[in-house]
Amino acid sequence: MRYEGNIYSPHIAGDDYILQCTIGCSHNQCTFCYMYKDKQYRVRELNEILEDIELAKEYYGDVKKVFLADGDALTMPTQDLVTILQYLYAAFPGLAYVGVYASAGSILNKSLSELQKLQKYGLVEAHLGVESGDEEILREIHKGVSCEAMVAAGRKVRQAGINLFITVILGLAGRTPQARAHARNTAHICNQIQPDYIGMLTIIVQPGTELYEKMQSGEFLVPTDREILQEMRLMIENMELANTGITSMHPSNCIYLDKVLPAGKDELLQTLTRVIEGNEINLLRVRDTDRV
C-alpha cells in the first residue's frame, strides 16, 4: 500500500484497512500532540485514492473495516468522499464499516444534509477528539475550538445518523486543582453531546511537543496513576448518559475498563474506588491483558 509518513488510527481500528485520504492534520497545533509533525497538510488527489483502493483489493481480496486517514479526512469535498465510499463498498463486498477522524471544524463546515448523504453511502462512524470540556484547558492546549462549537459538532454527527466516538484525555490539567474542573466539565460536555462511545486516554507527554517543553521547565507536572484514577472517577461520577459505551482500553491508561452507561456506572465507580483505596494500583501497569 502507498502511504506517506507515519500513519495513525484509533486504537479500536487497529485491524482496519487504513486508506490515506488526506496527508497530516488540518489543525496540527495542539500542544500535547506529536502526530503528523512530519507532514504538511494537504488533500490527496481523488484518482490516487481510488488507485489505492484497487491496489488494496488486489492485496487483501476483501476487508470488513476501513478507516479513512489522516487526521481529518472529513475536510474533503463531500462528493469526493461519496465517490470514495462507493468505490470501497464496490471493491469489498464484505465491507461493513467505514470510520473517519473528524474535527469540530470539518463537521460544522458541512451541512446536515451533506453528513446525512455520507451516512447514506456508508460512513458508519466519526471519531472526534473532544479532549476536555473545560474552556480554559481547550485554550491552553490550542485546540482551536470552543466547548459550544464542540457540542454543536457532536450533536450534528449524531443527528446525521453517524455513530460518534469521542475521546477525552485524563491528566491534561497536570497536577493542579484545575484537574477537578477538567473532570467535571468534561463530563458535562459528554452529557450535552450524548455520544455513542467515549474513549478515555491518559496524557503521555511526548518529546517534540510544546507540552514536553513545559514539563521540562517544570510548568507542567505529570499526574500520578492514582491522581489519574481519581480524575477518571470524578468524571464518571458526573456523567449522565442515556446509552453510551465507556472504554479505557487504550495503551496509555493504567486501568482497562469497558462498560455501557448508565447500567455500568455503579460498577465502574466501585472498581475505581477499590483500586484507588487499595493496594492494586501498583500492579496495574504490568498487566498487559487483564481487565480489572
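The values are calculated or read from the model by the stated rules, or taken from the named source; none is laboratory data. Just so it is clear, the model here is predicted, and its values are computed rather than measured. Backbone-built Cβ (ideal geometry, glycine too); neighbour counts: all protein chains shown.
If I ask for residues that are under 16 Å from the mean Cα position of the chain (by Cα) and farther than 22 Å from E210 by Cα, which ones from segment 16-41 would you list? Hits for segment 16-41 are D16, I18.
Determine if segment 122-130 includes at least one residue that is out of contact with any Gly (no Cβ under 7 Å at 6 or more places or on another chain), buried (at least 21 other Cβ atoms within 10 Å of the Cβ) and on the phi > 0 side of the Ramachandran plot. No: segment 122-130 contains no residue that is out of contact with any Gly (no Cβ under 7 Å at 6 or more places or on another chain), buried (at least 21 other Cβ atoms within 10 Å of the Cβ) and on the phi > 0 side of the Ramachandran plot. I'd like to know if segment 189-210 contains one or more residues that are crowded, with 16+ Cβ neighbours inside 10 Å, touching a Cys at 6+ places or on another chain (Cβ under 9 Å) and assigned to a loop (DSSP other than H, G, I, E, B). Yes, segment 189-210 contains at least one residue that is crowded, with 16+ Cβ neighbours inside 10 Å, touching a Cys at 6+ places or on another chain (Cβ under 9 Å) and assigned to a loop (DSSP other than H, G, I, E, B). Of all residues in segment 131-142, none are of a type in the set (K, R) and assigned to a loop (DSSP other than H, G, I, E, B). Among the conditions (1) over 28 Å from N109 (Cα atoms); (2) in contact (Cβ under 8 Å) with a residue 60 or more places away in the chain, Y59 misses just one, which is (2).
Condition check ((1) on the phi < 0 side of the Ramachandran plot; (2) assigned to a loop (DSSP other than H, G, I, E, B); (3) basic (K, R); (4) at pLDDT 90 or above) across all residues:
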site	(1), (2), (3), (4)
I12	yes, no, no, no
C30	yes, yes, no, yes
E54	yes, no, no, yes
L88	yes, no, no, yes
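Restricting to segment 124-174, name every residue that is basic (K, R) and either under 25 Å from S111 (Cβ atoms) or in contact with a Lys or Arg (Cβ under 7 Å, 6 or more places away or on another chain) (or both). Listed by number, the residues that qualify are K143, R155, K156, R158. All told, L95 meets the bar of being in a loop (DSSP other than H, G, I, E, B), of a type in the set (A, V, I, L, M, F, W, C), modelled with pLDDT of 95 or more and in contact with a strand residue (DSSP E or B) (Cβ under 7 Å, 6 or more places away or on another chain).
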